[in-house]
1. At most 13 other Cβ atoms within 10 Å and a DSSP loop assignment: could you name the GluC sites (Glu not before Pro) in region A:20-82 that fit?
2. Evaluate E = 1/(1 + (r/R0)^6) for B:ALA31 and B:ARG128, where r is the Cβ-Cβ distance and R0 equals 22 Å; express this FRET efficiency to the nearest 0.05.
3. Could you check the simple spin-label distance between B:ARG175 and A:SER27, using points 7 Å along Cα→Cβ, in nm with one decimal?
4. Please work out the Cα convex hull volume for the protein assembly as shown and give it in Å³ per residue.
5. May I ask you to compute the full-extension gain from B:GLU157 to B:LEU56, defined as 0.36 nm times their residue separation minus their alpha-carbon distance, rounded to one decimal in nm?
6. Arrange the following residues from fewest to most other Cβ atoms within 10 Å of their Cβ: A:VAL72, B:VAL70, A:VAL22.
7. Within a Cβ distance under 13 Å of B:GLN167, other residues only, what is the Lys/Arg minus Asp/Glu net charge?
8. Select from A:SER61, A:SER34, A:SER48 the residue whose mean-square fluctuation is largest in a Gaussian network model of chain A (Cα-Cα springs shorter than 10 Å).
Amino acid sequence: MKLLRVKPGHGEVVLAEGDVAVPEQYSRLLETFSRELDAGMWAAVPTSTHSGKREAELVRSFEDVPADAERVIFFPRAAGGG
Amino acid sequence: MALALGTAALMLGALLSVLALPHLRRSIDLARLRLSERTRQKRLALVDEYDPGRELRAEQRARTLLRSCVNEEDWAMYSELGFLRVWGTLEAQPYAYLIYPHKPILAYALSTNRMLGEYCIEFPDRTRPYGTTRLPDSDDVLAKWMALTADERALIEQANMHLAGRQIRIAKARRDLVRLACWERERSGSPRRAPRRAGSVSAL
């Protein structure tokens, strides 16, 4: 699983990468995930339905991330614009 | 007695203000000078921070990420037309949204192509890497797409709603819908032919 964050002036940045089945890697992923959420980021997992339609799922905790998710994308929290 | 004291106080005040005036003027001029110097330095720093090559690379990365998340048709729509369409799911009447980079999300009725409203939403990165809060264009579109497909109601409630035409001209939106319809007709119609060369004659 890859944890990515989109950033101004850079595009995506890989924050952490690892296998959730490996304990050390799991804890590193969990730590990074929590840090980004604490920093006010939103986390989304790109998914696709049985019909092939692509969509995303917002996750609010690491336990919500589907086990087969290949990546989680962090992006800044939405704010009403002018 | 009181009158004499009052008059003296007034005279003293007037005298002091006359004496202090040049100092005051000098202080104001100095403050103004410092402010303009600080603004100039800030502007220079911003110019230094802005790197068109970096912005271009960021946008390239953002496009690759967006492409990997949306389906092939949506990607083709975005790369050829400059916006994405997402179907709305909250109302009985069919409607959809157009997502433009760094512009409001535009809702329109599918049956009439009537513009329903603009939803102003931003994803400002408060950490301001490279001095800006703005995501690359395609990352902004991706953020809107992810938030909209994941939780349409939450995003719409978060957005500031305005009448259509406030930031995206209605004429432009209508033109985009016509372009979209043509584009879809072309894609769903006969299989694509290779463009004919000028002067060539099709075989019988």
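The numbers here are math on the coordinates, done by the rules we state, and not lab data. Since the structure is predicted, the reported quantities are computational estimates derived from the model, not experimental observations. Glycine gets a Cβ as well: all are built from the backbone with ideal geometry, and neighbour counts include every protein chain shown.
1. A:GLU70
2. 0.20
3. 5.9
4. Numbers: hull volume 88.1 nm³, N = 286.
About 308 Å³ per residue, rounded to a whole number.
5. Taking 0.36 nm per residue and subtracting the Cα distance, the gain is 33.1 nm.
6. Ordered from fewest to most neighbouring Cβ atoms within 10 Å, A:VAL72, B:VAL70, A:VAL22 come out as A:VAL22, B:VAL70, A:VAL72.
7. Working: positive: B:LYS103, B:ARG166, B:ARG169, B:LYS172; negative: B:GLU118, B:GLU122.
For residues surrounding B:GLN167, the net value is +2.
8. A:SER48
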